[in-house]
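Worksheet: the structure to be examined is printed underneath.
The values are calculated or read from the model by the stated rules, or taken from the named source; none is laboratory data. Predicted model, so just to flag it, every value in this text is computed and none were measured. Quick reminder, even Gly has a Cβ in these numbers, built from the backbone with ideal geometry, and neighbours come from all protein chains shown.
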Amino acid sequence: MLEAHAPVYTEPLSIRIVVRVLGSMRLAVHLLLFVAIASIIGTVLPQQEVYTDYSHQFGPFWFTVFGHLDLYDVYRCGWYMGIVAFLIISTTVCVLRNAPPMVREMRHVPSSPSAHFLQKRPEHFTSTSAKAHGEILQSAVAALRDFGYQARPVQDNAGKTQLFAQKGRFYRIGYLLTHVGIILFCVGAIYNANLPLKWAEWTGTVHPEKNFDLPLSKIPQSSWLSSSSSAFRGIITIPVGQTVNAMFELVGDGFLVQHLPFMLRLDAFKVTHYSNGLAKDFVSTVSLYHHDGKLFKTGIVRVNHPMSVSGVQIYQSSYSDSASRLQLHNYLLSDPGLPPATINAAVGEHLKTFGSQYAISLRDFKTQNVIPRKAVGLSSGAHHGMINMGPTVSYLVNNDRDHTQILIKSYMKPFSRHDEDYRLIGFREMGSTTYHYLTIPQGPQHGIRLFMTYLDDLEQAARHGENASKAVFLHNLDKAQAQTRVFLNVHDRDWFLQSSLKAMQELRAYPLPFLTVFHHYDLHWSAGLEITRYPGMKIIYIACFALVFGIFILFYVPRRRIWIQIDEDKEKSRINLFADSSRNEEDFHRDMEDLNAQLQEKL
Amino acid sequence: MSIETSEIRHLLTFGGMRAEGRLAAQLWAAFLTIGAFLVWYLFRADFWMWQFIVLGLWYAGLMWFGIRWPAFRILFLVVIGIAAIGVGLYQSGYTAANSAALYYVFQSTSMFYWMSAAILISAIGYYRYLFSGHQSAGDWGHRFAWVTVALGFAGLAIRWQETYIGHPSWGHIPVTNMYDAMVLLCTTTALFYLYYEGQGKNRGLGAFAMPMILVADIFLVWVGVAYHQNQIQPVIPALQSFWIKLHVPCEFIAYANFYLAAMVGVAYLLKEKAERTGGALVSRLPDLNKLERIMGSMVMFGFLFFTAGTILGAVWAAKAWGGFWSWDPKETWALIVWLNYAAYLHMRSNKSFGQHNKGRKLAWWATISLITVTFCFIGVDLFLGGLHSYAKL
């Protein structure tokens, strides 16, 4: 950094002191570290979560204290912005103080400096030559050219000709670009942050709605933002086939509704998968309409491939099930022979069953469910230890009598172990963490009809006083096969008998009087799109380029200056070589030794 | 700009080089130029603006490195040679199941085990050199450091091919989980160590750099064995981006340099202590001023690439997450690391800070920064999560 040698300022002393302190390197170093340390807070404490979660986590006292310190949204709060602003002011003062002398220095080359100045250069070599002045000059020019320097003859104060050469004359651009880049970056960021809105929030003309369950039409006008906002960033979840003209922006513990400059219809949504069931891509097809209903753009929005339309960017951000119709088959364990009742429902719906004693609420539905193979008792050998369990529905069963709650996971695809198919049903009581599984053997036509009928037949046989014996099992299985018209071959029959015994064992621990099997689904997706308008992006990109380019020049383009003076004498001329470098003096010293050797060779 | 015409002429004619060096450099330039043209010719239909820019940057970077550092040219050819064998075997239909060469040597996971062995030998060699002064131990350390780099980069190239084997739709650059990341860190750090060793002509620092790489390597083996991260998985949609090929290498060049700077910091502090109390370290490490300069140039190089890498990451985030900057834990920690080294460089460049013990202060600072960098690199993934934790275990 340059030190201000002469007092350039004419302001009063107090201002001069303030400016000097603000622009000082010490302050800069401390501010940089202070911002760094302050930034840690927001990484330790998850930001912008639901406020009630914080209150559970910290208790009412600390929740309030942290709330007053704005720790839940620390990077947008006053005190953090204040420190950053202070850093930027300090940088700006530093640039304003240093730029004029630096520009002056780059414009005016100190080509004929004083003898005192030259004597103070770190590099100084002397050699002698018997040649004439002109010849020496020529040799010196040639030597300099070999080292990549373009020499310039200049007149010194005494009117004598000397040589001056320099590289990296504009090295100070490195300092200017980096620091101006940082300032520009912040300007762009402020532009993107939509200051007028922040102001409106602060003064209370706009205030965020706190009730997240309110339908769009009921949200008060003071929470709406016009589509002409210069900058916005919000999210909206749209079911396939629907059209929206607004989206939501989270602010503190509430939200604002942002009018969109167009109407957006989600035409389709698709998830593609890798061969092992992991998600490969999420693709939304959207159509954009003017407010008068005229279509003006159709296209796809993928992860990493946003759609750009007149300054607005649309991103694929999330997706969810949107009331897909799920079909479940409900068997009664008290009378397993009855054909199952069909239940139609969607996630989020609540149903009553078993004479209203049980309430079923559907919680989650996934089309793909990749889990570790070990979790279902398979060796982790092939497919990298993961297995795709296929479509899965999970629901909560509430017993209205004793208020126990059971979580059930039901799979649609059979699960194969040693080439034999089972239907899995997982269950766990609320509060316990491990699922127990029913593994019910399937017949060749899928489904558990055969098993249920067989169970029914066995129960009837038991009621008639028959003892458990291999002959009874075989007889009843044959009976069940005849009843369901599902026939097993000899090998499968043995396996089925074995597995049924195991399944019946498992059923003893099963706490419900009915068994629900996931049978079929009709898919309905909704896609979460993020929509932004950031007018400051160009400024930010320019700033970033300036920053990187500036750092490069700052570190790797030193300014190197060489002066060659010739003191003519009667017989021998003395040649003085002075040089300095703004960086990396050690390499430069070696270069200058080489240059001096070259020069002596040519003389 | 600041480069004048005579300088460019100077560069283009390889001026300032001895004759034999000049010929090799010219061959290198010709080789790279032909290579770049070939890449352009083969892929020009698939390329778009940024890919041409990246090709240009790689061309310039390899050219600069190769001309400045002749040993790098040989390394480059050796890496291509080893990788070609491995890729060739896969291309001709062999797999690790039916080819002993692939199973024992050329499949990437085996190659990384060999690399680990090389790191161990190299670390022991350098360590022995530093404390007992065996010149030959230092030489072996040096040789095996080269083996590390060659096997590491070749292994990564082969791994890239492996991502396509069996599942053509899975193909991706192998920098997407903690395992891949640690391989990249080990090799890049070893490469930069060797560069600085060549510049400083001193092997003493190897006893600090290679053991540090060994620690990273032990972590690498552990995530491979304990979490099966050595098995190739397809990448999630958010990582399927062109920008990953720019963002990740930049960050790792930066991390490598920051780590090395920290190790030089340790060396500085030990040497300073040895100068006061006496010890073997005094004679086999560069003098304190030189150590400080090496440390500074490492931080500078790292800082340049860290800035570029973080910005590229932000550009990517603007495409993937809808925002240039989201205050995600990883982003915030990147900012913390950046601010930390920015403060370091300001203090280093400025004369207004007391010159008394400045080297020692900077050495302590660089050493302590190791914690910050490690937290940014691994800690965030392990402890904090957020949008960025692809590499979580």
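For the range A:12-31, name all the residues that are within 11 Å of another protein chain (Cβ to nearest Cβ) and in contact with a helix residue (DSSP H, G or I) (Cβ under 7 Å, 6 or more places away or on another chain).
Those that are within 11 Å of another protein chain (Cβ to nearest Cβ) and in contact with a helix residue (DSSP H, G or I) (Cβ under 7 Å, 6 or more places away or on another chain): A:Met25, A:Leu27, A:Ala28, A:Val29, A:Leu31.
Going through A:Ile343, A:Ile371, A:Ile387, A:Ile408 one at a time, which residue ends up being among the hydrophobic types (A, V, I, L, M, F, W, C), modelled with pLDDT of 90 or more and either assigned to a strand (DSSP E or B) or in contact with a Lys or Arg (Cβ under 6 Å, 6 or more places away or on another chain) (or both)?
Unique residue meeting the criteria: A:Ile408.
Yes or no: the range B:237-253 includes at least one residue that is farther than 22 Å from B:Phe153 by Cβ and in contact with a strand residue (DSSP E or B) (Cβ under 7 Å, 6 or more places away or on another chain).
So far as the range B:237-253 goes, yes, one or more of its residues are farther than 22 Å from B:Phe153 by Cβ and in contact with a strand residue (DSSP E or B) (Cβ under 7 Å, 6 or more places away or on another chain).
Inspect all residues belonging to the range A:312-329 and state whether any of them is within 14 Å of chain B (Cβ to nearest Cβ), within 22 Å of B:Val315 (Cα to Cα), part of a loop (DSSP other than H, G, I, E, B) and in contact with a strand residue (DSSP E or B) (Cβ under 9 Å, 6 or more places away or on another chain).
No.
Here's a check for you: in the range B:330-357, which residue that is of a type in the set (Ser, Thr, Tyr) and over 22 Å from B:Leu246 (Cβ atoms) is farthest from the chain's Cα centre (by Cα)?
B:Ser352
Report yes if A:Ala151 is within 14 Å of another protein chain (Cβ to nearest Cβ), in contact (Cβ under 8 Å) with a residue 24 or more places away in the chain and farther than 30 Å from A:Val19 by Cβ, otherwise no.
It is true that A:Ala151 is within 14 Å of another protein chain (Cβ to nearest Cβ), in contact (Cβ under 8 Å) with a residue 24 or more places away in the chain and farther than 30 Å from A:Val19 by Cβ.
Filter the range B:299-317 down to residues that are among the aliphatic types (A, V, I, L, M) and under 17 Å from the mean Cα position of the chain (by Cα), then give me how many there are.
Number of matching residues: 4.
So which residues in the range A:1-31 are exposed (fewer than 14 other Cβ atoms within 10 Å of the Cβ) and modelled with pLDDT of 80 or more, if there are any at all?
Scanning the range A:1-31 gives A:Ser14, A:Ile15, A:Ile17, A:Val18, A:Val21, A:Arg26.
Filter the range B:157-172 for residues that are within 14 Å of chain A (Cβ to nearest Cβ) and β-branched (Val, Ile, Thr); which is surrounded by the fewest Cβ atoms within 10 Å (Cβ to Cβ)?
B:Ile165
Go through (1) surrounded by 11 or more Cβ atoms within 10 Å (Cβ to Cβ); (2) not in a loop (DSSP other than H, G, I, E, B) and name the single condition A:His491 misses.
(1)
Kindly list the number of the only condition in (1) out of contact with any Pro (no Cβ under 7 Å at 6 or more places or on another chain); (2) buried (at least 17 other Cβ atoms within 10 Å of the Cβ) that fails for A:Ser222.
With respect to (1) out of contact with any Pro (no Cβ under 7 Å at 6 or more places or on another chain); (2) buried (at least 17 other Cβ atoms within 10 Å of the Cβ), A:Ser222 is out only on (2).
Considering only residues that are touching a residue at least 40 places away in the same chain (Cβ under 8 Å), over 22 Å from B:Tyr113 (Cβ atoms) and either among the aromatic types (Phe, Trp, Tyr) or in a helix (DSSP H, G or I) (or both), which ones fall in the range B:159-198?
Selection gives B:Ser169, B:Trp170, B:Phe192, B:Tyr195, B:Tyr196, B:Glu197, B:Gly198.
Is it true that some residue in the range B:105-112 is outside any helix (DSSP H, G or I), modelled with pLDDT under 95 and within 30 Å of B:Ala24 (Cα to Cα)?
Within the range B:105-112 (the criterion being outside any helix (DSSP H, G or I), modelled with pLDDT under 95 and within 30 Å of B:Ala24 (Cα to Cα)), the answer is no, since none of the residues qualifies.
Mind telling me which of the residues B:Met298, B:Met263 ends up being away from chain A (no Cβ under 14 Å), buried (at least 24 other Cβ atoms within 10 Å of the Cβ) and hydrophobic (A, V, I, L, M, F, W, C)?
B:Met263
Are any residues in the range B:318-329 crowded, with 22+ Cβ neighbours inside 10 Å and either under 20 Å from the mean Cα position of the chain (by Cα) or more than 8 Å from chain A (Cβ to nearest Cβ) (or both), and if so, which ones?
Across the range B:318-329, the qualifying residue is only B:Asp328.
Residue by residue, here is whether (1) over 25 Å from B:Thr109 (Cα atoms); (2) within 12 Å of chain A (Cβ to nearest Cβ) holds:
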{"residue": "B:His228", "(1), (2)": "no, yes"}
{"residue": "B:Trp243", "(1), (2)": "yes, yes"}
{"residue": "B:Tyr255", "(1), (2)": "no, no"}
{"residue": "B:Ala267", "(1), (2)": "yes, no"}
{"residue": "B:Glu272", "(1), (2)": "yes, no"}
{"residue": "B:Ala280", "(1), (2)": "yes, no"}
{"residue": "B:Asn289", "(1), (2)": "yes, yes"}
{"residue": "B:Phe305", "(1), (2)": "yes, yes"}
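If you take the residues of the range A:94-143 that are under 55 Å from the mean Cα position of the chain (by Cα) and in a loop (DSSP other than H, G, I, E, B), which of them is farthest from A:His589 (Cα to Cα)?
So, considering only residues that are under 55 Å from the mean Cα position of the chain (by Cα) and in a loop (DSSP other than H, G, I, E, B), the one farthest from A:His589 (Cα to Cα) is A:His108.
Checking A:Thr272 against (1) assigned to a strand (DSSP E or B); (2) surrounded by 14 or more Cβ atoms within 10 Å (Cβ to Cβ); (3) modelled with pLDDT under 90; (4) not assigned by TED's automatic domain parsing to the domain that holds A:Arg485, which test does it fail?
Evaluating A:Thr272 over (1) assigned to a strand (DSSP E or B); (2) surrounded by 14 or more Cβ atoms within 10 Å (Cβ to Cβ); (3) modelled with pLDDT under 90; (4) not assigned by TED's automatic domain parsing to the domain that holds A:Arg485 leaves (2) as the failure.
Any residue at all in the range B:321-338 that's closer than 20 Å to B:Glu272 by Cα, part of a helix (DSSP H, G or I) and out of contact with any helix residue (DSSP H, G or I) (no Cβ under 6 Å at 6 or more places or on another chain)?
no
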